[in-house]
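Everything on this sheet refers to the single structure shown next.
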Amino acid sequence: MNEVGTLKKGLDIFLLILKQPNLTVLEIMNALGINKSTTYRLVNTLEQNQFIVRTDNNRYQLSNALTSMILQNENIPSYELDWKAVPAMKKLGQQTKETIYTGMLMDLEVVITQVINGQYTTRTHMEIGANSPIHHNAIGKCILAHLEETSRDRIINALSLEMYTENTIVTKEAFAKELQKIREVGYSVDDEEGELGVRCIAAPIWKNNKVIAAVALTGPSVRISTEKDDYHANLVQQCAKEITTSIAQDV
């Protein structure tokens, strides 16, 4: 194996553990399709150089020193930290059986950074890396509402507010009022604004008193009904608080 190929495989292992901590060597092998001897050698190298650590049950995660360094660096995109959200997301998924996902803003779009699929046969399907316009997305509206005013106004002025359904907000005045309401209640709702029959509720995730992402619950409108908004919003807000706390603990 040449040096470039070895480096790429080592980086692939590191990024996999970054996004999915607590993996065994066998799970790493299966996920990346790397043979056993190469996987053991590269994992050992990463461990020796204190990029990763082995837990008592022979699983691998980022070292505490590296985790602290990442979390203290505000220039690192929040999606690289999204593995910290998984425990709280799984808890919310168990409580509701619906699809749970996190996302962040990238330019004028929302990018999905982590997904816990719902348990129902009929559920909303989300994919990590997928993107969508800010204005009809609960996560997009939630993050935008909690940005500082200058950044928020700049983004609003750049949005096209294209109509996707009859519920999509398409005027700047109405959109500004929607964001004000979100700031007041602390969560946002996608009320079939991007797709008819699908609703979503999101709450902000914070780091150093700045909104960096949001977590959301999504599903068919027959289950995520307006009558249950308070119930679902409370659960989503609690999930967001747990993720925020998890991020802050290692700073």
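The values are calculated or read from the model by the stated rules, or taken from the named source; none is laboratory data. Remember, it's a predicted structure, so these values are computed and weren't measured experimentally. For neighbour counting, all protein chains shown are included, and Cβ atoms are generated from backbone atoms with ideal geometry for every residue, glycine included.
Residues that are within 22 Å of the chain's Cα centre (by Cα) and at pLDDT 95 or above are absent from the stretch 152-163.
Selection of the stretch 157-210 for residues being surrounded by 17 or more Cβ atoms within 10 Å (Cβ to Cβ) and assigned to a helix (DSSP H, G or I) yields PHE175, GLU178, LEU179, ILE182. When the stretch 1-45 is filtered for residues that are part of a loop (DSSP other than H, G, I, E, B) and within 20 Å of LYS84 (Cα to Cα), the ones remaining, listed by number, are GLN20, PRO21, ASN22, THR24. Looking only at the stretch 217-237, residues that are surrounded by fewer than 16 Cβ atoms within 10 Å (Cβ to Cβ) and assigned to a helix (DSSP H, G or I) come to 6 in all. For the stretch 103-125, the criterion of a residue being modelled with pLDDT of 80 or more, closer than 21 Å to GLN237 by Cα, of a type outside the set (S, T, N, Q) and in a helix (DSSP H, G or I) is satisfied by no position.
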